[in-house]
1. Quick one: how many residues across segment A:62-80 are within 11 Å of the chain's Cα centre (by Cα) and open to solvent by 50 Å² or more (accessible area, probe 1.4 Å)?
2. Within segment A:88-110, is there a residue that is in contact with a Lys or Arg (Cβ under 7 Å, 6 or more places away or on another chain) and either surrounded by fewer than 20 Cβ atoms within 10 Å (Cβ to Cβ) or closer than 26 Å to B:SER90 by Cβ (or both)?
3. Which helices (runs of 4 or more DSSP H) does segment B:12-124 wholly contain that include 1 or more residues that are hydrophobic (A, V, I, L, M, F, W, C) and at the interface with chain A (Cβ under 9 Å from one of its Cβ atoms)?
4. For segment B:36-53, does any single residue satisfy the condition of being surrounded by fewer than 21 Cβ atoms within 10 Å (Cβ to Cβ), farther than 18 Å from B:ASP106 by Cα and among the polar types (S, T, N, Q)?
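The values are calculated or read from the model by the stated rules, or taken from the named source; none is laboratory data. The model shown is predicted, which means the values in this text are computed figures rather than measured ones. A quick note on method: Cβ atoms are made from the backbone with ideal geometry, for glycine too, and the neighbour counts reach across all protein chains shown. Areas reflect the complete protein model, heavy atoms only, side chains present, ligands, DNA and RNA absent. Shrake-Rupley method; radii C 1.70, N 1.55, O 1.52, S 1.80 Å.
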Protein chains: 2
Amino acid sequence: MVWCISCQQPTSSDTSKIKKGMIKVAILYPNTEGKTFDMDYYSNKHMPMVAGLFGDSLKLYTIDKGIAGRTPDEPLPYVAIGYFYFDKLSAYHNSFGPNAETILGDIPNYTNIQPIVQISEVLH
Amino acid sequence: MVWCISCQQPTSSDTSKIKKGMIKVAILYPNTEGKTFDMDYYSNKHMPMVAGLFGDSLKLYTIDKGIAGRTPDEPLPYVAIGYFYFDKLSAYHNSFGPNAETILGDIPNYTNIQPIVQISEVLH
C-alpha cells in the first residue's frame, strides 16, 4: 500500500479504469458535406443517457471533439468520436441490444450524420 | 490525502494522465482492400520509436486493435487506431515537425495503408 497524492486530481473521466484487453467501441461521425451536429446535446444529453442505459457494464466513456486534420489545408475527418469501454465484447452486446431502439432513435436529435461503428481491443 | 489501494494496478498505459482539454491525435488505418498491416511491428517498434522521438511533450499513447464493425456482417472500418496525447496543439506540432521524415519513412515497414490523421480536443 502506498500514499497516493495524485489519485484525486480531476481527469477527463475516470480514465485510470482503462485496461489492456478491454473492449472499446468507437462511434465516429464523419465530417460530411451538409452535416449538422449539436455538440452540446451530444455531450450533455445523448452520451450521459446512453451511459445510464448501459449501467455498470460500461466502465467509462470519453468524447473527442474534432478540431483539425493533419494540416490546416486538409479537411477535418470526423466532427466527433465517442468511445465506450467494456470488459468483454458480450457486455457490449448485452448492453446495446435491449437499448438499440432508444439509442439509435436519439441520433436525429443531434445530427444527420450516419456514424461509423468500430469495435476494438485496447492493445496498449 | 487518501490511502490509495488501486493506484498500482496495471493499466493499458498511464491513462490517468488523460485530462479534459488535452490534444489527442488519432492515426486511423482504414481496412482497405489489399491492405497489409504488421501489428507486431506497429505496436512493438513503430509506436515506441515515435514516442521516443516525441519525448516529454507526449503525455501518453494508446493503441486500438480493430476487431469488428457494428455487426458481424459489416466490414471492420479500421485495422488499427493509434492515439497520441499532448497538453497543447503547439506541443504536437513542435514534436512532429522535426521528426516527420523519420516517422513517415517508417510507415512502409508495417503497412501499405494511407492513414487518416484526426486532431481532437478531449471533451470528456
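1. As a first pass, look at segment A:62-80 and keep what is within 11 Å of the chain's Cα centre (by Cα): A:62-65, A:80.
Narrowing the set further to residues that are open to solvent by 50 Å² or more (accessible area, probe 1.4 Å) leaves A:65.
Total meeting the criteria: 1.
2. no
3. Working: elements: B:47-54, B:89-96, B:100-106.
Hits in segment B:12-124: B:47-54, B:89-96.
4. There is no residue in segment B:36-53 that is surrounded by fewer than 21 Cβ atoms within 10 Å (Cβ to Cβ), farther than 18 Å from B:ASP106 by Cα and among the polar types (S, T, N, Q).
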